[in-house]
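S.K.: Structure below; questions to follow.
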Amino acid sequence: MLFPVCIIDDFLGPQASAGLVDFALANEARFAPARVHTNDARNTLDTGFRDNVSFTGDFGPVIAPFLAALDARYDRIAAEVGTNQFERRPTELHMAAHRDGQHLPRHIDTLTGRAEALVKDQRTVSLVYYCHRTPRAFSGGNLVMYAMTGGGRQVIEPRHDRLVAFPSFAPHEIERVEVPGNRFADARFALVAWMRRPAG
């Protein structure tokens with residue numbers, strides 16, 4: 001059985017979504033190799049597993065429409081994902097850029113085992129918001145959601161101005177991206193964030 005997924009198209013509208021793409025292009029030099037969290041270590045560099053670059057700094061006012069849209073759609077996201085046990089404001093917000101040949105293997109967004117005991121507020125809902133130049137210059141890069149057991153899967157296209165929300169413990173992957181010419185401006189961009197369960 002597949003996990004519930006909330007998909008919202010036209011999430012921000014033309015102006016705000018284009019603003020995020022412009023922000024990415026203006027800050028290309030500030031994107032750095034993405035890091036991963038494992039059961040043994042946090043914030044480690046493992047390009048064999050996660051081969052893309054990301055921006056983790058201050059987004060400034062360009063992020064305000066995204067946060068406002070999330071807050072306005074809290075009830076819909078909670079209903080479609082199947083839980084309201086998460087804070088309204090996301091944490092660990094960053095922007096990922098996938099270029100030619102890059103992908104992310106099957107994984108989950110939560111810590112397990114001994115590492116789980118080290119966090120006070122586990123990730124509950126994962127958020128992915130897609131934006132890119134139009135017309136789209138890349139292909140591939142689908143988000144694939146998997147059932148916990150069995151062979152079920154759901155393939156979600158990374159359309160511009162689309163938000164996808166799903167339980168953070170749901171297995172998923174990013175399929176290989178193809179970017180002819182491998183220009184940063186043509187990359188598959190995505191805002192990635194997590195809603196955490198309330199502390200206490």
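S.K.: Output the residues belonging to the stretch 74-92 that are under 18 Å from LEU191 (Cβ atoms), in contact with a helix residue (DSSP H, G or I) (Cβ under 8 Å, 6 or more places away or on another chain) and open to solvent by 40 Å² or more (accessible area, probe 1.4 Å).
M.R.: Once the filter is applied, which keeps residues that are under 18 Å from LEU191 (Cβ atoms), in contact with a helix residue (DSSP H, G or I) (Cβ under 8 Å, 6 or more places away or on another chain) and open to solvent by 40 Å² or more (accessible area, probe 1.4 Å), the stretch 74-92 yields ARG88, ARG89.
S.K.: I'm trying to understand the selection: among the residues of the stretch 169-195, which are part of a loop (DSSP other than H, G, I, E, B) and at pLDDT 95 or above?
M.R.: ALA170, PRO171, GLU175, ARG176, VAL179, PRO180, GLY181, ASN182, ARG183, ALA187
S.K.: Select from the stretch 183-195 the residues that are out of contact with any Leu (no Cβ under 6 Å at 6 or more places or on another chain), of a type outside the set (Phe, Trp, Tyr) and surrounded by fewer than 21 Cβ atoms within 10 Å (Cβ to Cβ) and list them in ascending order.
M.R.: Within the stretch 183-195, ARG183, ASP186, VAL192 qualify.
S.K.: Taking the condition within 19 Å of the chain's Cα centre (by Cα), at pLDDT 95 or above and not in a strand (DSSP E or B), does ALA78 pass?
M.R.: So ALA78 passes the test.
S.K.: Looking at (1) surrounded by 15 or more Cβ atoms within 10 Å (Cβ to Cβ); (2) out of contact with any Gly (no Cβ under 9 Å at 6 or more places or on another chain); (3) farther than 19 Å from LEU25 by Cα, which is the only condition ALA97 fails?
M.R.: ALA97 satisfies all of (1) surrounded by 15 or more Cβ atoms within 10 Å (Cβ to Cβ); (2) out of contact with any Gly (no Cβ under 9 Å at 6 or more places or on another chain); (3) farther than 19 Å from LEU25 by Cα except (3).
S.K.: Among VAL155, VAL164, which is the only one that is open to solvent by 50 Å² or more (accessible area, probe 1.4 Å), part of a strand (DSSP E or B) and not charged (D, E, K, R)?
M.R.: That would be VAL155, the only listed residue that is open to solvent by 50 Å² or more (accessible area, probe 1.4 Å), part of a strand (DSSP E or B) and not charged (D, E, K, R).
S.K.: In the stretch 176-194, which residues are at negative phi, in contact with a Lys or Arg (Cβ under 7 Å, 6 or more places away or on another chain) and of a type outside the set (Phe, Trp, Tyr)?
M.R.: VAL177, VAL179, ALA185, ASP186, ALA187
The values are calculated or read from the model by the stated rules, or taken from the named source; none is laboratory data. Note that this is a predicted model, so its numbers are computed, not measured. Don't worry about glycine lacking a Cβ; one is built from the backbone with ideal geometry, like all the others, and counts go over all protein chains shown. Note: areas computed on protein heavy atoms with side chains; ligands, DNA, RNA excluded. Shrake-Rupley method; radii C 1.70, N 1.55, O 1.52, S 1.80 Å.
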